[in-house]
1. Using the structure shown, decide if E181 is away from the ligand (no atom under 13 Å from the Cβ), open to solvent by 60 Å² or more (accessible area, probe 1.4 Å), in the same structural domain as D128 (by TED's automatic domain parsing) and touching a strand residue (DSSP E or B) at 6+ places or on another chain (Cβ under 7 Å).
2. If the requirement is being open to solvent by less than 20 Å² (accessible area, probe 1.4 Å), within 16 Å of the ligand (Cβ to nearest atom) and either over 20 Å from R114 (Cβ atoms) or not hydroxyl-bearing (S, T, Y) (or both), which of these qualifies: L236, L222, L244, L162?
3. Do the conditions hold for A95, that is, is it within 16 Å of the ligand (Cβ to nearest atom), more than 23 Å from W217 (Cβ to Cβ) and over 14 Å from the mean Cα position of the chain (by Cα)?
4. Using the structure shown, decide if Q81 is open to solvent by 70 Å² or more (accessible area, probe 1.4 Å) and closer than 30 Å to R15 by Cβ.
5. With respect to S43, is the statement that it is of a type in the set (G, A, S) and closer than 23 Å to F131 by Cα true?
6. Suppose we keep only residues that are more than 20 Å from R134 (Cα to Cα) and not in a loop (DSSP other than H, G, I, E, B) within the range 98-115. Which one would you say is nearest to the ligand (Cβ to nearest atom)?
7. Among the candidates V47, V69, single out the residue that is β-branched (V, I, T), open to solvent by less than 70 Å² (accessible area, probe 1.4 Å), closer than 25 Å to L241 by Cβ and touching a strand residue (DSSP E or B) at 6+ places or on another chain (Cβ under 6 Å).
8. How do the pairs read when you match residues in the range 225-238 that are in contact (Cβ under 8 Å) with a residue 12 or more places away in the chain with residues anywhere that are open to solvent by 60 Å² or more (accessible area, probe 1.4 Å) and not basic (K, R), using Cβ under 8 Å and keeping only pairs 6 or more apart or on different chains?
Amino acid sequence: MQLQDMLFSQGFGIRRVCSGLVQQGWVELWNEEAQDWDKVQDSMLDVQPEGLRFRVQGQEWQYQALGYVMLHKPAGTECSQKPSAHPSIYTLLPAPLRQRPNKGAIQGLQAVGRLDQDTTGLLLLSDDGQFIHRMTSPKKHVAKVYRVTTKHALDEKQLQRLLAGVVLDDDPKPVKAAACEIVDSHVLDLTLTEGKYHQVKRMLAAVSNRVEGLHRWKIGELELPADLAPGEWRWLSAGDLLKLKPSK
Ligand code: URA
């Protein structure tokens, strides 16, 4: 693959811009043998993209044919490209991740499902359509664990109802929690394998309680890392991706 095509595929702009970045000396490639960075000037240089480490304007990147990242979503952000009242989560990603081309069009990484503006925690983004489908389809049973802070004290009866299934206003089919664990009198870990609109809030309302705080800390077997601060993102490792396999 030509260097300028590799940069284009990673979201560094149209090929002319990528070629300009190289010609201006802004691109370096990691030289494993020399254990050092090589400055390159030829934008048509043939590179082997798999496993490639490169720097653009001093910042290091790794080539990813398809991109998978996790973001610690802060409160007061919307999971939409066109937010209505709060900043978009996409502003937390560097430009290349927002500009990666997909099937010819600039689409960038997309959020895997949505969290409400006031919900915090683990959000995945990718440009792999099959991965997004697998993670969001209720049929695939990927568990999502929410730490829910409630207005009223929790009791066994509420838990039993959440586990047995509650009816949400617009939907005759009851929705169930896959697991429910009381952490504290007003704190609950609720596991869902689907993601209907405001599902946790509506489920808690259906058992006469109210959500005061909502934080997603686990998807599949992948936990939000303690050292990923709100607003920060990171690539998913191969090990992280293995932890995201469906449970059924
Ligand atoms: N359920 C909700 O009510 N809100 C979220 O953000 C996620 C799940």
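1. no
2. Working: L236 fails: within 16 Å of the ligand (Cβ to nearest atom); L222 fails: within 16 Å of the ligand (Cβ to nearest atom); L244 fails: within 16 Å of the ligand (Cβ to nearest atom).
From the options L236, L222, L244, L162, the qualifying one is L162.
3. It is false that A95 is within 16 Å of the ligand (Cβ to nearest atom), more than 23 Å from W217 (Cβ to Cβ) and over 14 Å from the mean Cα position of the chain (by Cα).
4. Values: open to solvent by 70 Å² or more (accessible area, probe 1.4 Å): yes; closer than 30 Å to R15 by Cβ: yes.
Yes.
5. Details: of a type in the set (G, A, S): yes; closer than 23 Å to F131 by Cα: no.
For S43, the condition - of a type in the set (G, A, S) and closer than 23 Å to F131 by Cα - is not met.
6. So in the range 98-115, the residues more than 20 Å from R134 (Cα to Cα) come out as 98-101, 104-106.
Adding the requirement that they be not in a loop (DSSP other than H, G, I, E, B) leaves 98-99, 101, 105-106.
Numbers: R98: 22, Q99: 27, P101: 29, A105: 28, I106: 27 Å.
If we take residues in the range 98-115 being more than 20 Å from R134 (Cα to Cα) and not in a loop (DSSP other than H, G, I, E, B), then R98 is nearest to the ligand (Cβ to nearest atom).
7. Details: V47 fails: touching a strand residue (DSSP E or B) at 6+ places or on another chain (Cβ under 6 Å).
Sole residue among the options that is β-branched (V, I, T), open to solvent by less than 70 Å² (accessible area, probe 1.4 Å), closer than 25 Å to L241 by Cβ and touching a strand residue (DSSP E or B) at 6+ places or on another chain (Cβ under 6 Å): V69.
8. P230/A75; W235/Q62
The values are calculated or read from the model by the stated rules, or taken from the named source; none is laboratory data. It should be emphasised that the depicted structure is a prediction, and the values quoted were computed from it without experimental measurement. With ideal geometry, Cβ positions are generated from the backbone for all residues, glycine too; neighbour counts draw on all protein chains shown. Heavy atoms of the whole protein, side chains included, go into the accessibility calculation; ligands, DNA and RNA do not. Shrake-Rupley method; radii C 1.70, N 1.55, O 1.52, S 1.80 Å.
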